[in-house]
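Everything below concerns the one structure shown next.
A short reminder: the numbers here are calculations on the coordinates, not readings from a lab. All values derive from a computational prediction rather than experimental measurement. Positions of Cβ are backbone-derived with ideal geometry, glycine not excepted, and every protein chain shown enters the neighbour counts.
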Amino acid sequence: MLKFIKFIIVSFFLIFIFSVNEVTAENEEITEILEAIQKDIKTLEKAVYSDENNSLSNNSFDKNSEDVLTRHLLKLSEIENQFQELTNKFEEVNFKLDKLSNRLSKVQSDNQLRFQQLENKTINNEEDNKIVASTTDEEDEDKVLPGSSQPQDLGSISYKDTETNLLTQETQSIESTGTVITEEFRPEEKLLPNETPEKQYEFATSFLKVGDYNTAERAFKEFVDTNPNHELAGNAQYWYAETFRIRQLYTDAASAYLEGYQKYPKSTKGPINLLRLGVSLVQIGEKDQGCLMITGVKKQYPKAKQSVLQKAKYEEKKFECKKEKT
């Protein structure tokens, strides 16, 4: 009986030890599984955190890129405005240079003409003096001295005295009229060649390129008179007016621009023609009418070239048209 009890106790003890070992083994497996799960969770946390950081960085990058693009666009608009101002100044400088060159050429031609007049005058004076000297020498030989002739009544004049007075009057009249320059009227010959209107227009434009504005004026006027209904007539009328403006003949320029505006309003030069008309009117003292023309460029020609519209805006600001209007 005792042996049987001992056997039961030993077997129970062995069973307990075996169960404990199994529990510990299971616990170890569970801990290993838990540790693996914990590692996976940490890995997932890192991945999620990195994704959030990437999204945040992308959002911040998008915001920064938008700010940079905005700043660049503003800078580009400022540069464009500065470029437009420089372009306007460059046009003004070119215009002033054209004025100076035209003045110089005009002064040179005037001086040359005056020198020729002075030379002709001196030559005529020398010839007249020789004629007067020769006639006076001949008269002195036959002239009767006072007191040596027959007795005369007081106040009477001898025949020879009247003859000498007539001669001196004739020579003086010749001398005075010798300096007057008379110009005979000669009808101007045709300047344009007997070609197509396009060739004639090109021929007239060639005088502008070399700076011969007097001949260009004649050529463009002849083109408009010969081809009034041609598609290039409006352009020719505009360049005809430009020949006056370049020579600072603003009254003639204004009338020529006005004629072009009235006859050829739909020409390709219509917007710039109206703008030049307004500027010319301001320059001859008609500021109110000129400002109406300048401000009317955008209203009548809204689809004109940007350069013309910008020039009109510049001239409007330059002549203070809005201030004058208000």
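A few remarks follow.
- Pairs linking a residue in region 73-87 that is under 15 Å from residue 308 (Cα atoms) to a residue that is β-branched (Val, Ile, Thr) and not in a helix (DSSP H, G or I), with Cβ atoms under 7 Å and 6 or more positions apart or on different chains, do not occur.
- Yes/no for residue 311 being farther than 28 Å from residue 203 by Cβ and either buried (at least 18 other Cβ atoms within 10 Å of the Cβ) or out of contact with any Ser or Thr (no Cβ under 7 Å at 6 or more places or on another chain) (or both): yes
Here is a yes/no grid of residues against (1) under 11 Å from residue 197 (Cβ atoms); (2) in contact (Cβ under 8 Å) with a residue 12 or more places away in the chain:
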| position | (1), (2) |
| --- | --- |
| 218 | no, yes |
| 222 | no, yes |
| 225 | no, no |
| 229 | yes, no |
| 234 | no, yes |
| 241 | no, yes |
| 249 | no, no |
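- Residues in region 215-242 that are over 23 Å from residue 265 (Cβ atoms) and in contact with a helix residue (DSSP H, G or I) (Cβ under 8 Å, 6 or more places away or on another chain): 215, 216, 219.
- Close pairs (6 angstrom Cβ cut-off, 6 or more residues apart or separate chains): part of a helix (DSSP H, G or I) in region 88-103, of a type in the set (Phe, Trp, Tyr) anywhere: 88/314
- Condition check for residue 207: without any contact (Cβ under 8 Å) to a residue 60 or more places away in the chain, more than 23 Å from residue 94 (Cα to Cα) and of a type outside the set (D, E, K, R): no
Table: residues versus (1) surrounded by 10 or more Cβ atoms within 10 Å (Cβ to Cβ); (2) closer than 24 Å to residue 313 by Cβ; (3) of a type in the set (Gly, Ala, Ser).
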| residue | (1), (2), (3) |
| --- | --- |
| 68 | yes, no, no |
| 77 | yes, yes, yes |
| 82 | yes, yes, no |
| 90 | yes, yes, no |
| 94 | yes, yes, no |
| 97 | yes, yes, no |
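- Among the residues of region 292-326, those identified as of a type in the set (A, V, I, L, M, F, W, C) and within 21 Å of residue 242 (Cβ to Cβ) are 293, 294, 297, 304, 308, 309, 312, 319.
- Lone unmet requirement of (1) in contact (Cβ under 8 Å) with a residue 12 or more places away in the chain; (2) closer than 24 Å to residue 216 by Cβ for residue 262: (1)
- Residue count for region 266-324 satisfying the condition of being outside any helix (DSSP H, G or I) and at negative phi: 12.
- Check on residue 296, crowded, with 21+ Cβ neighbours inside 10 Å and either closer than 23 Å to residue 229 by Cβ or touching a residue at least 12 places away in the same chain (Cβ under 8 Å) (or both): no
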